[in-house]
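The values are calculated or read from the model by the stated rules, or taken from the named source; none is laboratory data. Here the structure is a predicted model, which means the values were calculated and not measured. Note that we place each Cβ from the backbone using ideal geometry, even for glycine, and neighbour counts take in every protein chain shown.
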Amino acid sequence: MRVESAPAAAAGTFAMGCYTVNRLGFGAMRLTGTGGMGRGEDRDPRRSVEVVRRAAELGIDHIDTAAFYFSASARANDIIREALAPYPDDLTIVTKIGPGRDLTTGEWGPWLRPGQFRHHVEHNLETLGLDRLPVVNYRSNGEDDVTTAVAALDDLRAEGLIGHVGLSNVDAATLGRACQVTEIVCVQNRHAAGYERSDADEVLAECGRRGIAFVPFFTIAGRGREDGAQEQYDVLREIADAHGITPAQVRIAWNLSLGPHVLAIPGTGDLRHLEENVAAASVQLTRDEVAAINSLG
């Protein structure tokens, strides 16, 4: 049962198909290490389990993950299952497929073809301990046939392996074509203050017109990774000082200010960062502050 007073609930909710989630969610990529996908320094999976459990205690009911999020020491899906299974009824786990990574060896290869989708969907089901994946996003590489990919996922949805289909890394025209194939309930695109956003803003607006959740990734670090380098913009530091918060919290609050259909899934493997990220759900920026951040790009 969703607790309305939980910190993550402060920004309100939005529906992804039949699933209603708090707009402040959690990205699992960094649970396994600083690189998240086999690159960078590994994290202690026991600490990551604590982070996921604390996220749920704070009211996070939307977790974004993928079977290809793993390092030498841990897999994000296994961490989520250990932390939260049996899962709360109101928890929505969103997974993604597309990048071609061998799920055993970790070696990277060609982008997945539709005929390979079933194996990756079933691997997500197995590692998460689910009978059905609530939402599966297809992540485009910008050169593939997204409508064919969406049709293949829709076939798995018809079989009951998937609840809904989403997209990642697409433009507005591609989104429109995909919506002619099946219902699209969310779009994950890179979107951050200071990052070139002209295409992403167009997709954000199109999602709003269609009632689709827009879920930006790399919200905090802009040009880098989540929990990344020191803030490079004076305006964000100044706004943070005015509110007594961190620049990372300003970035999250700004994303949430862009529309009721905009969600946030900042990721971290650190308990302190997690609590700061969730607290950003209650930050209210002024109109002038939002405009100043918009001007960064």
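For D288, only one of the following conditions fails: (1) modelled with pLDDT of 95 or more; (2) surrounded by 17 or more Cβ atoms within 10 Å (Cβ to Cβ). What is its number?
Failing condition for D288: (2).
Quick test for you: out of N77, N137, N124, pick the one residue that is in contact with a strand residue (DSSP E or B) (Cβ under 6 Å, 6 or more places away or on another chain) and closer than 25 Å to D270 by Cα.
N124
If you check D145, D131, D155, which single one turns out to be within 29 Å of V49 (Cβ to Cβ), surrounded by fewer than 21 Cβ atoms within 10 Å (Cβ to Cβ), at pLDDT 95 or above and not small (G, A, S)?
D131
What's the number of the condition G297 fails, among (1) part of a helix (DSSP H, G or I); (2) modelled with pLDDT under 95?
(1)
What are the pairs, 6+ residues apart or on separate chains, where a residue within segment 188-213 that is closer than 20 Å to A253 by Cβ has its Cβ under 7 Å from a residue that is of a type in the set (A, V, I, L, M) and surrounded by fewer than 17 Cβ atoms within 10 Å (Cβ to Cβ)?
Between residues of segment 188-213 that are closer than 20 Å to A253 by Cβ and residues that are of a type in the set (A, V, I, L, M) and surrounded by fewer than 17 Cβ atoms within 10 Å (Cβ to Cβ), the close pairs are A193/L296; G194/L296.
Quick one: L103 ticks every box in (1) farther than 12 Å from Y69 by Cα; (2) surrounded by fewer than 20 Cβ atoms within 10 Å (Cβ to Cβ); (3) out of contact with any Lys or Arg (no Cβ under 7 Å at 6 or more places or on another chain) except a single one, so which number is it?
All conditions are met except number (1).
Pull up segment 19-47, narrow it to residues that are in contact with a strand residue (DSSP E or B) (Cβ under 7 Å, 6 or more places away or on another chain) and part of a loop (DSSP other than H, G, I, E, B), then point me to the one that is modelled with the lowest pLDDT.
G38
So is A72 aliphatic (A, V, I, L, M), over 24 Å from G211 (Cβ atoms) and modelled with pLDDT under 90 or not?
Yes: the conditions hold for A72.
Scan segment 258-294 for residues that are outside any helix (DSSP H, G or I) and among the charged types (D, E, K, R) and jot them down.
Of everything in segment 258-294, just one residue is outside any helix (DSSP H, G or I) and among the charged types (D, E, K, R), namely D270.
Quick check, is E226 modelled with pLDDT of 95 or more and either of a type outside the set (A, V, I, L, M, F, W, C) or part of a loop (DSSP other than H, G, I, E, B) (or both)?
The answer is no for E226.
Starting from residues that are touching a Leu at 6+ places or on another chain (Cβ under 9 Å), within 18 Å of L112 (Cβ to Cβ) and among the hydrophobic types (A, V, I, L, M, F, W, C), keep the ones in segment 158-180 and report whichever is surrounded by the fewest Cβ atoms within 10 Å (Cβ to Cβ).
L161
Would you point out which residue out of F214, F218 is under 18 Å from the mean Cα position of the chain (by Cα), within 22 Å of L296 (Cβ to Cβ) and either modelled with pLDDT of 95 or more or of a type in the set (S, T, N, Q) (or both)?
Every option except F214 fails the conditions.
Could you give me the residue pairs with C-beta distances under 7 Å whose first residue belongs to segment 254-269 and is closer than 30 Å to N77 by Cβ, whose second residue is charged (D, E, K, R) and assigned to a loop (DSSP other than H, G, I, E, B) wherever it lies, and which are 6+ apart or on separate chains?
L256/R23; L263/R23; A264/R23; P266/E226; G267/E226; T268/E226; T268/D227; G269/R43
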